Amino acid sequence: MILGFTFLAVLLLLILIGVPVAFSLAGTTLIGLLITGGITSLPVMSNTAWATTSEFVLTAIPLFVLMSEVIAVTGIGRDLFIAVERLLGKIRGGQAVASVVACAIFGAVSGTGVGVAAVIGGVAIPQMLARGYPRHIAAGSVAGASPLGMIIPPSLPLILYGVVTETPIAALFLAGILPGILITLLCCICVSVMVRRSRLTFEPIESGSALNSAKLSLPIVLLIILVIGSIYLGLATPTEAAGVGAVGAIVIAAVQGRLTRERIKIALLASARTSAMLLFVLIGAMLFGYLLGITRMPQELTAITVGLEVSPWVIFVLIMLAYFVLGMFLEVTSIILITMPVIFPTVIALGFDPVWFAIVLMVNMSLAVVTPPVGLCLYVVKSCAPGTSLGQVIRGTAPLMAMYVVMLVALCLFPGLVLY
């Protein structure tokens, strides 16, 4: 086990000095295989790379990414906020609530917090500031809701978790629906209270037709229902549903006259870059997991942990705290791919359900990615609001962060929210 911790320390050192995660994983594995098995053990790297990337379920990753990119580059995501704004804008604080709802819906097709923060923040924050919203509320309503895409399916982190841990992805998607909706409602209530406590008068939104609003939002909402519904009803696998989502997004953009040659080129290139990065990191993670298996570190760590005379919940809380700290500094997908080969056997040995653990982990990671000092979503939102300080973004995000904590406690007290 000491050798395993040594390799883990080397990996963390490489990441801390700025080596890309994929290269850190592959490089550490290469060194480890040479030490433990010599040059004759190197063919395992090519074999593992092929075995990892040839899994059919991984096809869902580039397809979901393509769906997200098409919706982003064609402006459909911006129309989503405008539609929700028209429906909710007449109530006090309606624009802030609309920002949260738009983040949740767009997050369902994006799956990444940074992308949601950039698209929704770019259109929502300037409009809220123009109507007199305090800067901390305008920025915080977007930053706090932007990570919802990690929980609400289809979620890229959940797909990667399912691949690494061999947990059914369909079960993970279904488990994330109710918690995602509940957190969205909590965030809506939170920003509404924040607006009411500010006691400011905002410029009313011009009246808009509910029918026109529905026309703007209906295509993307129907697309989400089609993707998730086909999985829930057993009509399609997650990979097949991803294909439906990608084609559906392209069709919607084409029908609305938004699909120019330049935009489809941008979407395809962005999808290829993102997918290649994720798959490269996944290959590295599988290689590193194989190396740790050789050292028997996961097995011995599990045996030691289970043998401790403490409640499994104590260990669970420590695991969640460790993930929270990691989430403040590292990207979520990298954390999942690096740590799951080590942590997952322990979680199962302690008696926790893998699906429940996945959703709790996603809520925890959602909280971490909007926590300083790194919190990428905070900086993206700040860039969408010139003249807004990071302190103002953090101040506005803090109450919404409390909603994630409430949801974490609720999931621990009532596992049925996930395992229904």
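The values are calculated or read from the model by the stated rules, or taken from the named source; none is laboratory data. Here the structure is a predicted model, which is why all the values come from computation and not from measurement. Every residue, glycine as well, gets a Cβ built from its backbone with ideal geometry; the counts of neighbours run over all protein chains shown.
Between 332, 380, 347, the distinction of being more than 20 Å from the chain's Cα centre (by Cα), under 30 Å from residue 279 (Cα atoms) and of a type in the set (Val, Ile, Thr) belongs to 347 only. Cβ-Cβ distances below 6 Å connect the following pairs, each with a first residue in region 172-189 that is under 16 Å from residue 360 (Cβ atoms), a second residue that is of a type in the set (Gly, Ala, Ser) and part of a helix (DSSP H, G or I), and a separation of six or more residues or different chains: 172/162; 172/358. Among all residues of region 217-226, there is at least one that is at pLDDT below 80, polar (S, T, N, Q) and part of a helix (DSSP H, G or I).
crowded, with 17+ Cβ neighbours inside 10 Å and within 18 Å of residue 115 (Cα to Cα), is that true of residue 361? So residue 361 fails the test. Do we find that residue 81 is surrounded by fewer than 18 Cβ atoms within 10 Å (Cβ to Cβ) and closer than 30 Å to residue 239 by Cβ in this structure? It is false that residue 81 is surrounded by fewer than 18 Cβ atoms within 10 Å (Cβ to Cβ) and closer than 30 Å to residue 239 by Cβ.
Of the residues 52, 36, only one is of a type outside the set (A, V, I, L, M, F, W, C), in contact (Cβ under 8 Å) with a residue 60 or more places away in the chain, part of a helix (DSSP H, G or I) and exposed (fewer than 15 other Cβ atoms within 10 Å of the Cβ); which?
Values: 52 fails: exposed (fewer than 15 other Cβ atoms within 10 Å of the Cβ).
That would be 36, the only listed residue that is of a type outside the set (A, V, I, L, M, F, W, C), in contact (Cβ under 8 Å) with a residue 60 or more places away in the chain, part of a helix (DSSP H, G or I) and exposed (fewer than 15 other Cβ atoms within 10 Å of the Cβ).
Yes or no, residue by residue, for (1) in a loop (DSSP other than H, G, I, E, B); (2) closer than 13 Å to residue 70 by Cβ; (3) among the aliphatic types (A, V, I, L, M):
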residue: 231; (1), (2), (3): no, no, yes
residue: 236; (1), (2), (3): yes, no, yes
residue: 250; (1), (2), (3): no, yes, yes
residue: 253; (1), (2), (3): no, yes, yes
residue: 257; (1), (2), (3): yes, no, no
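Residue 344 passes every criterion in (1) touching a helix residue (DSSP H, G or I) at 6+ places or on another chain (Cβ under 7 Å); (2) outside any helix (DSSP H, G or I) apart from (2). Residues in region 179-198 that are among the basic types (Lys, Arg) and either in contact with a Gly (Cβ under 7 Å, 6 or more places away or on another chain) or within 12 Å of residue 403 (Cβ to Cβ) (or both): 1 in all.
Might you check whether a residue that is in contact (Cβ under 8 Å) with a residue 40 or more places away in the chain, within 30 Å of residue 78 (Cα to Cα), buried (at least 19 other Cβ atoms within 10 Å of the Cβ) and touching a helix residue (DSSP H, G or I) at 6+ places or on another chain (Cβ under 8 Å) occurs anywhere in region 276-283?
First pass over region 276-283, keeping only residues in contact (Cβ under 8 Å) with a residue 40 or more places away in the chain: 277-283.
Still in the running and within 30 Å of residue 78 (Cα to Cα): 277-279.
Checking the rest, the ones that are also buried (at least 19 other Cβ atoms within 10 Å of the Cβ) come to 278.
If we keep only those that are touching a helix residue (DSSP H, G or I) at 6+ places or on another chain (Cβ under 8 Å) as well, we get 278.
Yes, there is a match, as at least one residue in region 276-283 is in contact (Cβ under 8 Å) with a residue 40 or more places away in the chain, within 30 Å of residue 78 (Cα to Cα), buried (at least 19 other Cβ atoms within 10 Å of the Cβ) and touching a helix residue (DSSP H, G or I) at 6+ places or on another chain (Cβ under 8 Å).
For residue 122, the test of being surrounded by 24 or more Cβ atoms within 10 Å (Cβ to Cβ) and modelled with pLDDT under 85 is failed.
For region 122-132, check the following and say yes or no: at least one residue is in contact with a helix residue (DSSP H, G or I) (Cβ under 6 Å, 6 or more places away or on another chain), more than 30 Å from residue 227 (Cα to Cα) and without any contact (Cβ under 8 Å) to a residue 60 or more places away in the chain.
Going residue by residue through region 122-132, those that are in contact with a helix residue (DSSP H, G or I) (Cβ under 6 Å, 6 or more places away or on another chain) are 122-125, 128-129.
Now narrow it down to the ones that are more than 30 Å from residue 227 (Cα to Cα): 128-129.
Still in the list and also without any contact (Cβ under 8 Å) to a residue 60 or more places away in the chain: 128.
Within region 122-132, one or more residues are in contact with a helix residue (DSSP H, G or I) (Cβ under 6 Å, 6 or more places away or on another chain), more than 30 Å from residue 227 (Cα to Cα) and without any contact (Cβ under 8 Å) to a residue 60 or more places away in the chain.
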